[in-house]
Amino acid sequence: MVTPTCAISRFSKNEEGIIERQICGSDLDKADVPKLICSVLINEIQSQNFQMVPGQNSNGNEKCFKIEVFKALDFEEQTTYLLEIVLSDGLFNASTYVPLIVEDRPDQPPQWSRFPSIISFPEDTQVGHVIAVFVARDGDLGINQPIRYELREASETGNENIELNPETGDLTLVKQIDRDVNGAESYVLEFEIFAIEDDDSSEGITGDVLMTVTDVNDNIPTFSSPGPYAVLVPEGTVGNIIFDQFIEVADRDFGINGSYSAEILLEDPEVATGKLQILNPFTGTAKGSQVKVTEDADTTHVSEADFTIMLEDINDNYPVFVNKPPDGYKVAMSEAAEVGTEFDIDFIVEDADVSPEFGKESLRFELIFAGVLEGKININQITGKMALIQTVDREQILVVVNVIVSLYDMEGKNGSLSTEATVAITITDVNDEQPVLTLPSTVESLLEGFGELPPGDNSIVVQEIFATDPDEEPDLNMFIDWLDTKFYKNGIVLSDVDFSPQ
């Protein structure tokens, strides 16, 4: 028995995974040549990647084998192998070593060696600043192709603000980002970074990036409207009051940078400083003050606007007859006055309320009682002038008539804010009535000689005749009109008789 020998040739791998060049073995025991077997060991262990398959024998003195790769080799896993080729005739073995170099080919995608998946920078970062660097290497270590970078799936706004260098992977700020414009608590942009070998020999890789722009305290709290602002307070109010105008303040910064406190600065001692709380009722039309908002993070960030507390007039005062005498108004009117004649009386009135709706401008007059003068006099609702609308006869009414005038404001007419005044009207008399004689129902008869008077008497009552006059204090005088008096004797009128007193 002779030990077999191996003849090793240079080899390479074909497309089917067979090493082209053969490994041939011989055995001096010619009868054992056909029995020769060949195996592959790596570190004395049966190889998991290689096996020996029959080759082409050139003559009967040797037997040839080829190395078959039955499991794909990966350059990135192992770049060289030292194969132990063992030839055996069943009793004796012969071996030799074959080094195998694995050649790399472009079959691996790039791998990230530096990939900042979360980027954060302040909003005041200057244009041109490199905010992140992305680095990838060729997945085929033996080739190491240059890498090309692309920015993908960023929003239109994001593409305007950032730029990715396709060769270096530098992500640069090309337009300053004002985070506050978005009105969100944080400015967040999501996008993808794509890396591929420059020759496009393999699939590329992508990575998700979350970019956050942090807030910088670069805004002050501002009013949505410059003002002035006002609150309407009913007069006499004590306690808390409610705005009837909404004051809107905004600070575009967020967090503590965007929080602020507001106060109202009031100089009036009747109002609590810094609070909208009326301590004591106050009068007047307006109280000037200011609204001040101060940022919590930076107390130098302040805005102010004019603020006014306006006093709202309410109908809480009764109208007043200013010139009313203690015993009431008095006025006289002749019974001979014509229709339309105004009474000589002027009402001076006031109302402490100032609003046109129920103040002095709204005061109105009304005649609510006229007694026997009902329908004969009226009053102008606005001026309060009283006038005759029908002639009056002094002899048919009382000497003095008390009428009642009501003074009310336009709003109070339906409420209780009205005042009354009494006007005593005297109708003065004129001499416009005839006296009336009341004659006796019987005529006295006088005896002849009746005219002789007793000693010491100047007259004798023959008969009483009464006279009246409806006019006031008529001062009547009664006499005998001798010129028109007729005298009869025996039924015959006596003429040319002069009985007039001598």
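The values are calculated or read from the model by the stated rules, or taken from the named source; none is laboratory data. Since the model is a prediction, treat every value here as computed from it, not as a measurement. Cβ atoms come from the backbone with ideal geometry, glycine included; neighbour counts cover every protein chain shown. Surface accessibility is based on the protein's heavy atoms, side chains included, excluding ligands, DNA and RNA. Shrake-Rupley method; radii C 1.70, N 1.55, O 1.52, S 1.80 Å.
Just so you know, in segment 61-71 the residues that are without any contact (Cβ under 8 Å) to a residue 40 or more places away in the chain and surrounded by fewer than 16 Cβ atoms within 10 Å (Cβ to Cβ) include one that is nearest to LEU28 (Cα to Cα), and it is ASN61. May I ask you to verify whether THR172 is at pLDDT 85 or above and either among the hydrophobic types (A, V, I, L, M, F, W, C) or within 30 Å of VAL216 (Cβ to Cβ) (or both)? For THR172, the condition - at pLDDT 85 or above and either among the hydrophobic types (A, V, I, L, M, F, W, C) or within 30 Å of VAL216 (Cβ to Cβ) (or both) - is met. For segment 55-68, the criterion of being small (Gly, Ala, Ser) and out of contact with any strand residue (DSSP E or B) (no Cβ under 6 Å at 6 or more places or on another chain) is met by at least one residue. In this structure, PHE115 does not qualify as among the aromatic types (Phe, Trp, Tyr) and more than 30 Å from THR214 (Cα to Cα). Return yes or no: is GLU263 among the acidic types (Asp, Glu), surrounded by 14 or more Cβ atoms within 10 Å (Cβ to Cβ) and modelled with pLDDT of 70 or more? Here the answer is yes, as GLU263 does meet what is asked. Under 7 Å by Cβ, and 6 or more places apart or on different chains, what pairs join a residue from segment 116-142 that is closer than 22 Å to ARG152 by Cβ with one that is surrounded by fewer than 17 Cβ atoms within 10 Å (Cβ to Cβ) and basic (Lys, Arg)? As it stands, the answer is VAL133/ARG114; PHE134/ARG114; VAL135/ARG114, since those pairs meet every condition given. Filtering segment 27-60 down to residues that are part of a loop (DSSP other than H, G, I, E, B) and in contact with an Asp or Glu (Cβ under 9 Å, 6 or more places away or on another chain), which residue is most open to solvent (accessible area, probe 1.4 Å)? Among those residues, the one meeting the criterion is GLU44. If you go through segment 101-121 and keep only what is in contact with a Ser or Thr (Cβ under 9 Å, 6 or more places away or on another chain) and either modelled with pLDDT of 90 or more or open to solvent by less than 20 Å² (accessible area, probe 1.4 Å) (or both), you end up with VAL102, PRO110, ILE118, ILE119, SER120, PHE121. Set side by side, the residues ASN57, ASN14 differ, and just one is modelled with pLDDT under 85 and closer than 30 Å to GLY139 by Cβ, which is ASN14. Listed by position, the strands (runs of 3 or more DSSP E) contained in segment 348-442 that have at least 2 residues being modelled with pLDDT of 80 or more and open to solvent by less than 60 Å² (accessible area, probe 1.4 Å) are 364-369, 377-379, 386-388, 400-408, 418-428. Annotation: of all residues in segment 348-358 being among the hydrophobic types (A, V, I, L, M, F, W, C) and within 38 Å of the chain's Cα centre (by Cα), the one that is farthest from VAL392 (Cα to Cα) is VAL354.
One residue stands out among those in segment 308-347 that are within 15 Å of TYR408 (Cβ to Cβ) and open to solvent by 40 Å² or more (accessible area, probe 1.4 Å): the one that is farthest from the chain's Cα centre (by Cα), which is VAL320. Could you go through segment 204-215 and let me know if any residue there is small (Gly, Ala, Ser), modelled with pLDDT of 70 or more, in contact with a Pro (Cβ under 9 Å, 6 or more places away or on another chain) and under 30 Å from GLN145 (Cβ atoms). Looking through segment 204-215, at least one residue is small (Gly, Ala, Ser), modelled with pLDDT of 70 or more, in contact with a Pro (Cβ under 9 Å, 6 or more places away or on another chain) and under 30 Å from GLN145 (Cβ atoms).
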